[in-house]
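Just dropping this structure here.
The values are calculated or read from the model by the stated rules, or taken from the named source; none is laboratory data. What you are looking at is a predicted structure, and each value in this text was computed from that prediction instead of being measured. Reconstructed Cβ throughout: ideal geometry from the backbone, glycine too, with neighbour counts over all protein chains shown. Heads up: the accessible areas ignore ligands, DNA and RNA and are worked out on the full protein's heavy atoms, side chains in. Shrake-Rupley method; radii C 1.70, N 1.55, O 1.52, S 1.80 Å.
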Amino acid sequence: MLFNYNHIPKSMYVWGGPGCGKTFLMDMFYEGIPIKRKRRVHFHDFMLDVHKRLHRIKNEGSSGSSDGVRLLCDELLKESYLLCFDEFQVTDIADAMILKQLMNYMFDQGIILVATSNRPPIDLYKNGLQRKIFLPFINQLQQKTNVYSLATSNIDYRQIISENRAKGFYLSPNNSTHSSLFSQQFLTFSYEKTYKKQLQSIPIILSVYGHNLNVPAAVTGRRIAHFSFHDLCSEMLGAADFIDLGKHFQTIFLYNVPKLDLNNKNELRRFITLIDALYDSHTQLYVLAEALPMDLLPIDEDEKNSSVYDEIFAFDRTASRLLEMQSEQYVEKCLSLHLDGIQWLQKQIFYDIQTNSDTDMISVVNKLIDEMDKCTIEMIYKQYN
């Protein structure tokens, strides 16, 4: 046990601009601290998990919403007393109210929070509906945490990393030359070298929290999908859908990304959430867009001071991440994680068979795996994961 309730370490809140190293510092801390009951999670993922658990608790017969949040708090504390939030942000009234109750309970019970954010606590949920109700939580957050600012850093390390760019991942402007190259890249990914044939691209449907997510083109037997901007950002989709895409597909081709408009905040918000989700899942992303990342959202000084501050602030992070996703380091990490998955398949998938299975058959299967070369194993992984 790292602490007792008589001496609880103070929580920490680190904020600053995109690419200044907040997540890097938090991840070093998380990997280095020698405790088991800890959790590192992106804020989008955490809130999805919270809503899912609250729904289950309600169905199990909790007498009220406050009781449900209290029971959820007990569940979370049994799993971890150190909670690391990446990209702490609040943009939804329902999330704001749940978070206010939940964190009140968790702080009272001794949770240690380490959070990163693009903004200081006082700017959380800025311009949000009924924000006055949320302000007591902000005051509590400031009291319970040591707040550290990296705002004076004017270096975006993602831009430095992206100087060593892998070619062809982000094509702009959207002209006939780039469109042709983009299509050729997709065809190259869907070509099967072993059998020298073009794999078929077919529409599929994913089930996400009880509703259907249409994938217009997925490569048969491979974790590759093809979407237009309209498919993902003009439809009624949210963080859960985009997180699920990152889990299902290793590579995504996204085309016809227009210059974005503050008058269409729904599309803008979805695009921001999409890039957050794909970045966090280390998805390899190919983009065909009207403009370079830093020019996708044209804004003027009046708009910076308007009520759409949240979207402008968040898009700085999006542009920075789009740059990093073109870097050789990011691409290599995506490949490394994919190869780790192949090794996982080789070592684990056939050992999770129920105890009443035929032992002789398991031995035969494991022997076959040992005799396979890496290319064959990779093909199996792409087909079944």
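For residue 109 and residue 151, what is the calculated FRET efficiency with R₀ set at 45 Å and r taken between the beta-carbons, to the nearest 0.05?
It comes to 0.90.
Within the set 38/247; 78/132; 58/100; 22/126, which residue pairs have Cα atoms separated by over 24 Å?
The pairs that break the limit, which is 24 Å between Cα atoms, are 78/132.
On average, how much accessible surface per residue is there in segment 1-129, in Å², for a 1.4 Å probe, leaving out ligands, DNA and RNA? If you can, show how the numbers build up before the last one.
Values: 6190 Å² over 129 residues.
For segment 1-129, the solvent-accessible area averages 48 Å² per residue.
Report, by chain and number, residues whose modeled amide H sits under 5 Å from the one on residue 14, excluding near sequence neighbours (fewer than 5 apart, same chain).
It is 115, 116, 117, 148, by chain and number.
I've got another one for you. Of the listed pairs 10/52; 52/259; 197/259, which have alpha-carbon separations greater than 31 Å here?
52/259; 197/259
Something else: Of the options 202, 257, 234, report the single residue whose Cα projects farthest towards the positive end of the charge dipole of segment 183-293 (beta-carbon charges: Lys, Arg +1; Asp, Glu -1).
Working it through, the farthest residue towards the positive pole turns out to be 202.
Sort 97-106, 73-82 by the packing proxy (mean of other Cβ within 10 Å over each peptide's residues), most packed first.
Order by mean packing, descending: 97-106, 73-82.
I'd like to check one number: the per residue accessible area of segment 167-299, probe 1.4 Å, reported in Å² as a whole number. Can you show the working numbers first?
Values: 6320 Å² over 133 residues.
Roughly 48 Å² per residue, with all protein chains present.
Right, here's the next one. Of the listed peptides 13-19, 133-139, 321-327, what is their order by residue-averaged count of other C-beta atoms within 10 Å, with the highest listed first?
321-327, 13-19, 133-139
Set Lys and Arg Cβ to +1 and Asp and Glu Cβ to -1, take the dipole of segment 65-146 about its Cα centre, and tell me which of 128, 99, 71 lies farthest positive.
128
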